[in-house]
1. Using Cα pairs closer than 8 Å and at least 6 residues apart in sequence, work out the relative contact order for the chain, in percent.
2. Put one equal scatterer on each alpha carbon of the chain, apply the Debye formula with no solvent term, and list log10 I(q)/I(0) at q = 0.08, 0.13 1/Å to two decimals.
3. What is the order of Met1, Met61, fewest Cβ neighbours within 10 Å to most?
4. Packing-wise, with mean Cβ within 10 Å as the measure, how do 147-156, 126-135, 107-116 rank, highest first?
5. Please check which bits of segment 56-86 a label hung off His47 would reach, taking the label as a point 7 Å along Cα-to-C-beta and the cut-off as backbone N under 19 Å.
6. Using the beta-carbon distance between Cys125 and Lys100 and R0 = 25 Å, what value does 1/(1 + (r/R0)^6) give for FRET efficiency, to the nearest 0.05?
7. Show me 49-57, 74-82 ranked by packing, highest mean number of other Cβ atoms within 10 Å first.
8. According to a simple spin-label model (label point 7 Å from Cα along Cα-to-Cβ), what is the distance in nm between Ser162 and Phe54?
Amino acid sequence: MQFHPTRLRGASRIQFEPAGDSRGYFARTFCEDEFAAHGLETRFPQHSISYSAFEGTLRGMHYQREPDCEVKVVRCLKGAIWDVIIDIRPDSPTYCQWEKFELSSESGDQLYIPAGFAHGFQTLCHDVVVNYLISARYAPQSASGLRYDDPAFGIDWPLPISEISANDRRWPDFQFSA
């Protein structure tokens, strides 16, 4: 695997290295030793999957508050997404900055998202499947989010929004920490 740091502190884009032959290819998408060698989380007690039927579906911007913060490794298994992360760690040099990534089943790239980041994505086609490795069990009492259109960040989503949950529409404006 190849680990590529992003502009946001602690986040990485991970590319697998396929070994191929006439049958196709084989590649690792997770290796405890390699993740540890790059200083990344290696324990993922929860694995989740999402399916979105329609192009333009928006999910996010989600995160877990203390003490239940979580690291995520996100990979698009079918289709393509425009993935966005926001660093909401007040002590980080990249606090309140966001970055976008196109993840697709074709590329196989994964995104390592540190604890203390909000995460969301928009589907770029119909029938999208996204896989998540998550470092903490879901804690509903700590679930939180940021509005996808919060003016504090000015995220420019690539498509008109076709589907979004009522909860994702209702997240409050971001409150900056000093």
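No value in this document is a laboratory result; all are computed from the given coordinates. Only a predicted model underlies this, so the values are computations on that prediction, with no experimental measurement involved. Ideal geometry is used to build each Cβ from the backbone, glycine not excepted, and the neighbour counts take in all protein chains shown.
1. Once divided by the residue count of the chain, the mean separation gives 29 percent.
2. -0.24, -0.65
3. The fewest-first ordering by Cβ neighbours comes to Met1, Met61.
4. Put in order of decreasing packing, that is 107-116, 126-135, 147-156.
5. 71-79
6. Efficiency, rounded to the nearest 0.05: 0.90.
7. So the peptides 49-57, 74-82, ranked by packing, come out 74-82, 49-57.
8. About 0.7 nm, to one decimal.
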